[in-house]
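The values are calculated or read from the model by the stated rules, or taken from the named source; none is laboratory data. Source: prediction; values computed, not measured. Cβ placement follows ideal geometry from the backbone for every residue including glycine, while neighbour counts extend to all protein chains displayed. Ligands, DNA and RNA are stripped out before the accessible areas are found, and what is left, the full protein with its side chains, is counted by its heavy atoms. Shrake-Rupley method; radii C 1.70, N 1.55, O 1.52, S 1.80 Å.
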Amino acid sequence: MVPAKTFYIETFGCQMNAHDSEKVIGTLIARGYTRVETPEAAHLVLYNTCSIRDRAEQKVFTRLGNFKRDLGNGKVFGVLGCVAQQEGERIFERAPHVSLVAGSASYTRLPEMLVQLEAGNRRVTGLKLETNETFDTPLVRRDNPHRAYITIIEGCDKSCAYCVVPFTRGPERSRTSESVMAEARRLADQGFGEIQLLGQNVNSYRDPSAAAWDFATLLARVAEVTGIRRVRYTTSHPRDFVKAIVEAMDRNPVLCDHVHLPVQSGSTRILGAMDRLYTRDEYLARIELLKTAKRPYSITTDIIVGFPGETEEDFQQTLDLLDRVQFDALFSFKYSPRPNTAALAMPDAVPDEEKQRRLAIVQEKQRSIQIRRNAERIGAVEEVLVEGRNQALGQWIGRTTDNHILNFTHSDPAAENLLGRYLAVRVTRSGPNSLVGESTSVV
Ligand code: SAH
Ligand code: SF4
Ligand code: F3S
């Protein structure tokens, strides 16, 4: 038997999930739990799950399957996050050794759910989706000592035809600007130099308090907090990406030179079928705001290939958009049919081999764009935040303001621990996914 009040947690999915786990961990530790590094050593095993594509969803069932034989030895399993919300009590049938199923809209009730588990209840749920609450807690246990996440808006009110998020995370709800600012100041006081504002549609932020700040105002104010050197935000929805956001970024370089603006498709017809609420031209107008701004901004995106009805011509439009915009990075996915979504009922599914072919073409095109764009940076001196160390290669791992990884060496033997420092690095080599350089800073 493993000691009671030990827990293990594995997190899948997006940064919102990663940050939710930091809050869940803090809540457990405050209740006297101890975190352990393996599921074997834990009494309570938690999986914070993602359901965005079928492959992501299957992972949790694979994990749970590995532990079926543990049934009866006292271990307690909990499924949190998007698969929990989507599958609900069906999880108890599929994996009878699970005792807790809770979606993110119920995490404010976590202490109460823990009490029930501790009392021996083996069917504890948190599945209510309609809520106007956000999960804010001072108990967060942050993973990264330099960059801190702040969730500013939860849920999603859009209804993209392919997407489970509105069904797994509930309605959109913003935190008050006052509580966001208080958290930002607290983080700065604790020594975090970088803040990342989070939301599924971060730029749909709408302050519910009388101050009524929009997202651009919130960005500007967070960037003014003393001690904060970098502010990032993700993910922006193109429809709500207004000029005031770019103006706020132009005014204050603390706001990092990077925008992630998922386009999904370059075809207006497919964007309509997806219910993305913008056309190809409207998206390109948003890009133009960034390309004509005061500083160069790195732009990254997400692409879905093989949405139902996507023809070769639609696909060519996506490739053409990649040529035009010249993204700095791109996440591309084969369309995956998801429960509850409108696209499930759409005809003209694209066969998997064809999706695979299109995916490979997108990735190859993007690779050549990145090889060329990264090579253009050779010789430039860039500021990095040092985030890690690669002992094997004798390199430090830095991140530029525009979110590129820049691995570098430092000639000063006194440079013992550079983690968390901001340094100037000259780029000497480049590859499709990263840059290599030498630090020019005196330490
Ligand atoms: N809120 C963000 C997206 C969050 S999900 C936005 O609106 O842009 C992250 C990415 O997963 C999406 O941008 C999309 O490219 C991809 N994705 C979502 N649902 C998917 C599905 N059913 N199949 C394949 N990719 C999907
Ligand atoms: Fe999903 Fe669309 Fe909401 Fe993004 S905006 S989370 S893609 S429904
Ligand atoms: Fe996945 Fe849920 Fe995030 S479905 S991408 S963990 S919002």
| note | A careful count of residues in the range 97-134 that are under 11 Å from GLY78 (Cα atoms) and open to solvent by 60 Å² or more (accessible area, probe 1.4 Å) gives 2
| query | Does ASP281 satisfy being open to solvent by 20 Å² or more (accessible area, probe 1.4 Å), assigned to a helix (DSSP H, G or I) and more than 16 Å from ligand 2 (Cβ to nearest atom)? | reply | yes
| task | Mind telling me which of the residues GLN200, GLN196 ends up being within 16 Å of ligand 1 (Cβ to nearest atom) and closer than 30 Å to ASP314 by Cα? | result | GLN200
| field | Selection status of PHE307, away from ligand 3 (no atom under 16 Å from the Cβ), open to solvent by less than 10 Å² (accessible area, probe 1.4 Å) and within 27 Å of GLU178 (Cα to Cα) | value | no
| field | Those residues of the range 337-370 which are open to solvent by 20 Å² or more (accessible area, probe 1.4 Å), of a type outside the set (A, V, I, L, M) and in a loop (DSSP other than H, G, I, E, B), in sequence order | value | PRO337, PRO339, ASN340, PRO347, ASP348, PRO351
| remark: Restricting the range 1-46 to residues that are closer than 23 Å to GLY199 by Cβ and assigned to a strand (DSSP E or B), the one most open to solvent (accessible area, probe 1.4 Å) turns out to be THR11
| request: State whether the residues of the range 14-29 include one that is touching a strand residue (DSSP E or B) at 6+ places or on another chain (Cβ under 9 Å) and farther than 22 Å from PRO111 by Cβ. | output: yes
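Kindly provide the set of residues from the range 407-433 that are polar (S, T, N, Q), in contact (Cβ under 8 Å) with a residue 40 or more places away in the chain and open to solvent by less than 60 Å² (accessible area, probe 1.4 Å), ordered by number.
Listed by number, the residues that qualify are THR428, SER430.
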| said: Where the second residue is open to solvent by 10 Å² or more (accessible area, probe 1.4 Å) and in a loop (DSSP other than H, G, I, E, B) and the first is aromatic (Phe, Trp, Tyr) and lies in the range 79-95, which pairs have Cβ atoms under 7 Å and are six or more apart or on separate chains? | reply: PHE92/ARG123
| message | Among the residues that make up the range 202-214, is at least one of them open to solvent by less than 20 Å² (accessible area, probe 1.4 Å), within 20 Å of the chain's Cα centre (by Cα) and of a type in the set (D, E, K, R)? | response | no
| query | So which residues in the range 136-176 are polar (S, T, N, Q) and either within 14 Å of ligand 1 (Cβ to nearest atom) or surrounded by fewer than 19 Cβ atoms within 10 Å (Cβ to Cβ) (or both)? | reply | THR137, ASN144, THR151, SER159, THR168, THR176
| message | Of everything in the range 229-245, what is hydrophobic (A, V, I, L, M, F, W, C), touching a Lys or Arg at 6+ places or on another chain (Cβ under 9 Å) and open to solvent by less than 40 Å² (accessible area, probe 1.4 Å)? Give them in sequence order. | response | PHE241
